[in-house]
């Protein structure tokens, strides 16, 4: 299978694309797979690291408000479209797959203009701008949330497949992970909290307050927090000033490199609400406290998290609502109310699609044959 892929700007677009590419490569080792993206997007780091060729185009996102930069966006989009037509003709793909983000628009549109089958994947509950402008002519629209289909015009070609997992999550096991981490039998509850790969100042502040006011007083609770690179030094200073570095059951990290094992081992996870994160939490069946990033397009993390909250599958707090003690009270409740935690774990599992990659691959084969 020859596949041209594009999804850029953020890890939420790029990681599902790489996961789909890996699934195709695993099932058809002779497949030719390449990506289209920008030089400044995160795809420029993640795609070559995953071992795939990356064609570069120059394009930027459109602003929702009236802005002179939108004139430049239109000019760049026209140039990118022409370049993508050349790329498509040169690569000769059997199918072109877009996973959202402004970088995927010109390549998917070029493929549609040339009569090449196109497929979209939308991870978020609310479809993004690129997906909404491309979905009418797409041969298939894969979605992560069932609620997304009602927001599409091309409903007949939409199907829920979930999110293809990043490597390691599909095989992660709670007990084996606890043994590997050396925590089996040592703690009653394991809390894993994350500020985000690049950091989140407000989340870090509130988690440090939880550590100070609750976990430091409960040696039977293990609490590991990753601050993200940007905020690590600031958080570390606060961590040491409050004496939390002296607590053997509390650990502060900059980044977690063994995420599948840590998340599998945890009982409670405090995190942002990106679509990939929520799919991982669902697959592993974790009680989650979600704090959506307020700095994302169309407030999509809140909308993702609200779907789980409304199903009794997670607790949801916006940053603006994290007044003194709110997060600590939520963590205390989940640590001490095992029935509530168990209910949340069962409810979030209902959102899991363990074979998302296989579903996508099998459907792609039918589209290519057709």
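Since every read-out is calculated from the coordinates, none of them should be taken as a lab result. Because the structure is predicted, anything quoted here is derived from the model rather than measured. Note: ideal-geometry Cβ built from the backbone for every residue, glycine included; neighbour counts use all protein chains shown.
Values computed for the structure shown
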item: Relative counts (whole %) of C-alpha pair distances in segment 174-349, using bins that are 10 Å wide; result: 10, 41, 40, 9, 0
item: Using a Förster distance of 45 Å, the FRET efficiency for residue 251-residue 365 (Cβ separation, nearest 0.05); result: 0.50
item: Two-site FRET efficiency, residue 220 against residue 173, from Cβ-Cβ distance with R₀ of 25 Å, rounded to 0.05; result: 0.65
item: Value of [θ]222 nm, deg cm²/dmol, for the chain, DSSP H segments ≥ 4, -39500 (n - 2.57) each, nearest 500; result: -13000 deg cm²/dmol
item: Pair residue 213, residue 150: separation of 7 Å Cα→Cβ label points (nm); result: 3.7
item: Where labels lie 7 Å past Cα in the beta-carbon direction, separation of residue 318 and residue 73 in nm; result: 2.3
item: C-alpha long axis of helix 326-336 to longest principal axis of the chain, angle in °; result: 70
item: For the chain, built as a Gaussian network whose Cα springs stay under 10 Å, the top-fluctuating residue of 352, 130, 209; result: 209
item: Spin-label model distance (nm) - residue 113 vs residue 10, 7 Å beyond Cα toward Cβ; result: 2.8
item: FRET efficiency, residue 58 to residue 31 (Cβ-Cβ, R0 30 Å, nearest 0.05); result: 0.60
item: 36 Å tail of the calculated P(r), the chain, as % of Cα pairs; result: 25
item: Angle in degrees between helix 275-284 and the longest Cα principal axis of the chain, rounded to the nearest 10; result: 60
item: Highest-MSF residue in the chain out of 253, 290, 208 [GNM, Cα springs under 10 Å]; result: 253
item: Projected area averaged over orientations for segment 53-170, convex hull of C-alpha atoms, nm²; result: 8.5
item: Principal-axis tilt of helix 69-91 within the chain, Cα atoms, nearest 10 degrees; result: 70
item: Gap separating the Cα centres of segment 207-255 and segment 70-90, nearest whole Å; result: 48
item: Cα centroid separation - segment 301-321 against segment 1-65, whole Å; result: 29
item: Cα-based shape type of segment 232-282, given that a ≥ b ≥ c are square roots of the gyration tensor eigenvalues and the cut on a/c is 1.5; result: prolate
item: Highest to lowest packing among 218-225, 42-49, scored as the average C-beta count within 10 Å; result: 218-225, 42-49
item: Residue of 315, 165, 259 that the Gaussian network model of the chain assigns the largest fluctuation, springs spanning Cα pairs under 10 Å; result: 259
